[in-house]
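Okay, structure first, notes after.
Here, each number is a calculation from the coordinates, and none is a lab measurement. In this text, all values refer to a predicted model and were calculated from it rather than measured experimentally. No Cβ is skipped: glycine too gets one built from the backbone with ideal geometry, and neighbour counts run over all protein chains shown.
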Amino acid sequence: MAEIVYKTFRQDELEYQYNPRESVAEYPQLSKRKAEQARKVRQTAKSWLNVAYGSSPRETMDIYAADKAGGPVLVYIHGGYWRGGAKEDNCNFVPTFTERGATVVVMEYDLCPKVTVTDIVRQTRAAIGWVCKNITRYGGNPSNLYVSGHSAGGHLTAMALAHDWEKEGLPWDLIKGAVVTSGVYDLHVVPYLSVQKEIQMTPEIARANDPLTHPPLVRCPVVVAVGGAEPKGWQQMSQDYFNYCKQQGLKADYLVIPGTNHYTMAENMLDPNSSLSQAMIGQMKLPT
C-alpha cells in the first residue's frame with residue numbers, strides 16, 4: 001500500500017482532496033456558466049468599475065450600487081487558489097444583495113507566481129481599508145461593513161479578521177460580520193499539490209498566513225460554509241476553521257450545503273432563498 005504523505009492521504013489522493021479542479025469534472029462548464037452570468041450583471045448593474053485601491057494594475061475593485069444609499073457594504077473576495085480568477089467573472093450574485101440595499105464591492109488582487117500569498121493578504125487588507133475610508137461617496141455605510149470570500153477568498157477573509165486594524169488608524173471592529181465559503185485554510189498541504197508550481201508556498205509563507213494559528217482579532221459573527229459534495233479533505237479544512245473560531249470565542253455557525261460542490265457553491269447566492277443567501281442576508285440585517 002502506498003505511503004500516507006499528508007494527514008490521512010496518500011500522494012495519489014491529494015489532488016482529488018485538495019485541488020477542486022480535479023474533484024469536479026464539470027469545472028470548465030460551471031466556470032464558463034458563471035462567467036456568462038457575471039458578464040450580464042457587469043453590463044447591466046449600476047456600478048463603478050475598476051476603481052483603484054493601489055498602484056498595481058490589478059489593485060482595483062468593482063463597486064455595485066445598492067438600490068438605496070446608506071445601507072451595509074459587502075466586500076467580496078473571489079477564489080482561484082491565489083493563482084487564478086478575476087472579479088469580472090465573479091459578480092453573478094450581486095443583484096441578490098444590491099436589490100435588498102447592500103452596496104457590493106468585488107475586489108481584485110495580483111496572482112501567484114507574480115506575487116506571494118503574503119502580498120495578496122496585504123492587498124486584501126489594503127482594499128478593505130480603502131473601502132472603509134471611501135465607500136460613503138458610493139452610497140455605502142462604512143460603519144456597517146461585511147466581508148465574504150470563496151475558496152482562496154475564504155482564506156483571505158480569515159486573514160482580514162486576523163488583522164490589527166487599529167494599526168491602520170481604523171476601528172478594530174470595522175468588519176461587522178464574515179461569511180466564508182469552501183475556504184482554503186490549510187496552507188501546509190500546498191507543496192504536495194500541482195498548484196505549487198504557481199503558488200510557490202514556502203514554510204515561512206505558510207506560517208505567516210496560517211488562519212488556524214492567527215486568531216481573529218475582529219470579534220464579529222462568522223459563518224463557515226462548505227459544500228456537502230466536496231471531498232473529505234476539503235470539508236475538513238472548513239470544519240477546522242469553524243472549530244478554531246469557536247475556540248477563540250467567536251459567534252460562529254457551520255453551514256453544510258447538501259449536494260453542492262466547490263463550483264456550484266457560488267450559485268447558491270443567486271437564489272435569495274437559499275440557505276447561504278439567507279445566512280448572508282440575515283447577517284447584514286437586509287430585508288428578505
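Computed quantities for the displayed model
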read-out: Net dipole in debye of the chain [+1 Lys, Arg Cβ; -1 Asp, Glu Cβ; about Cα centre; nearest 20]; value: 740 debye
read-out: Other-chain or far-sequence residues with amide H under 5 Å of V179's (modelled H); value: V147, S148, G149, V223
read-out: Estimated vicinal HN-Hα couplings, Hz - the range 203-219 in sequence order (Karplus 6.51, -1.76, 1.60; Gly, Pro = x); value: x, 5, 5, 4, 5, 5, 10, 7, x, 8, 10, 10, x, x, 7, 7, 8
read-out: Sequence ranges 75-87, 160-172, ranked by mean other-Cβ count within 10 angstrom, highest first; value: 75-87, 160-172
read-out: Overall Cα dimensions of the chain - principal axes, largest extent first, Å; value: 61, 41, 37
read-out: Mean-position separation - Cα centroids, the range 128-149 and the range 224-252, in angstrom; value: 26 Å
read-out: Listed residue (F97, Y76, H150) projecting farthest to the positive dipole end of the range 4-284, Cβ model; value: F97
read-out: Solvent-free Debye scattering, log10 I(q)/I(0), computed from the Cα coordinates of the range 43-134 at q = 0.18 Å⁻¹; value: -0.77
read-out: The range 4-284, relative contact order in percent, only Cα pairs under 8 angstrom and at least six apart counted; value: 18 percent
read-out: Estimated inter-spin distance, D271 and E36, nm [label 7 Å along Cα→Cβ]; value: 2.0 nm
read-out: Normalised contact order of the range 91-239, rounded percent, pairs of Cα under 8 Å and 6 or more residues apart; value: 24 percent
read-out: Three semi-axes of the equivalent ellipsoid, the range 159-288, Cα gyration tensor, whole Å, largest first; value: 24, 22, 12
read-out: Per-residue Cβ neighbour rank within 10 angstrom, fewest leading, S148, S23, S238; value: S23, S238, S148
read-out: Cα-centre dipole for the range 76-126 with unit charges at Cβ (Lys and Arg positive, Asp and Glu negative), debye to 20; value: 180 debye
